[in-house]
1. Multiply the residue separation of Gln71 and Asp49 by 0.36 nm, subtract the distance between their alpha-carbon atoms, and state the gained length in nm to one decimal.
2. Of the peptides 56-63, 74-81, how do they stack up when ordered by the mean number of other Cβ atoms within 10 Å, highest first?
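Rule-based calculations on the coordinates, nothing more; no lab input. What you see is a predicted model, and the numbers here were worked out from it, not measured in a lab. Here the Cβ positions follow ideal geometry from the backbone for every residue, glycine too, while neighbour counts run over all protein chains shown.
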Amino acid sequence: MGVGSNNKRGTHIVTPFFVDLYMVRYFTLLPLFFGLVFWSCEDNGKCIDESKISNDSCYEIYAPVCGCDGQSYSNDCYAENAGITEWTEGECE
């Protein structure tokens, strides 16, 4: 019997190559899924660095930033004084 032919009972024969393609696809996606789950949780504790929290004076120019904690700050100086390690320009939505 050739590849893809039917046996005497009429069931399809699956070739090892065909099975390997499905296994490769699923085994490639599985580590990606677990990586996204664990890496996304990994940074939660690193958003605020308590050693960087200070009461230093900041300039009074309004240039809002959105901190990794989901709060808006008047500018990057205020975010740094709050110990925020990462932010993006603009107010949080």
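1. Computed gain between Gln71 and Asp49 is 6.4 nm.
2. By packing density, highest mean first, the sequence is 74-81, 56-63.
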